[in-house]
Amino acid sequence: QVQLVESGGDLVQPGGSLRLSCAASGSIFSMYVLGWARQAPGKQRELVATINSSGRTNYADSVKGRFTISRDNAKNTVYLQMNSLRPEDTAVYYCNAINGPRNYWGQGTQVTVSS
């Protein structure tokens, strides 16, 4: 069992930056594929970034070049650095951990981009 707790969501102006954190407890964190997804009101949840156990990353086209995912296995934490934020980035951001059939989600943290 893995518990995920996100933090770092806030209200930020367009063009600004935020760093989200997701602290994990339980299981073997380093073996998991970790990701961040977001869900805006009235829209489906969208996976925006993933990082595997080897550190390989993938990004949705909508965030490529602006967002960076990273992990610190010693701290059982995954991060999402978000730069050049746009109003369309407004959403609840969720942390995700996958290892084979095991798939866990955090409770989410709100990011609002508005002037």
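The values are calculated or read from the model by the stated rules, or taken from the named source; none is laboratory data. All figures in this text were calculated on a predicted structure; none of them were measured in a lab. Counting neighbours? That spans all protein chains shown, and the Cβs are built from the backbone with ideal geometry, glycine included. Quick note on the areas: whole protein, heavy atoms, side chains included, nothing else; ligands and nucleic acids left out. Shrake-Rupley method; radii C 1.70, N 1.55, O 1.52, S 1.80 Å.
Considering the dipole of segment 1-95 built from charges on the beta carbon (Lys and Arg +1, Asp and Glu -1) around the Cα centre, which of 47, 31, 11 is farthest to its positive end?
Working it through, the farthest residue towards the positive pole turns out to be 31.
With +1 on the Cβ of every Lys and Arg and -1 on the Cβ of every Asp and Glu, and nothing else charged, how large is the dipole of the chain about its Cα centre, in debye rounded to the nearest 20?
In debye, rounded to 20, the chain gives about 200.
Which length gain, in nm to one decimal place, applies between residue 112 and residue 28 when the Cα-Cα distance is subtracted from 0.36 nm times their residue separation? Please list the in-between numbers first.
Working: separation 84, 0.36 × 84 = 30.24 nm, distance 3.24 nm.
Contour length minus Cα-Cα distance gives 27.0 nm.
Give me the accessible area per residue for segment 1-68, probe 1.4 Å, as a whole number in Å².
Working: 3820 Å² over 68 residues.
About 56 Å² of surface per residue is accessible.
Considering only 11, 80, 47, give the residue with the highest GNM mean-square fluctuation for the chain, with springs between Cα atoms whenever their separation is below 10 Å.
Answer for the Gaussian network model of the chain: 11.
Give the residue list of trypsin sites (Lys or Arg not before Pro) in segment 8-115 that are DSSP loop and have at most 12 other beta-carbon atoms within 10 angstrom. If you can, show how the numbers build up before the last one.
Numbers: sites: 19, 38, 43, 45, 56, 64, 66, 71, 75, 102; in loops: 43, 45, 56, 64, 66, 75.
For trypsin sites (Lys or Arg not before Pro) across segment 8-115 that sit outside H, G, I, E and B with at most 12 neighbouring Cβ atoms in 10 Å, the list reads 43, 56, 64, 75.
Quickly work out the residue 62-to-residue 84 label distance, labels modelled 7 Å from Cα along the C-beta direction, and quote it in nm with one decimal.
Once both label points are built, they end up 1.7 nm from each other.
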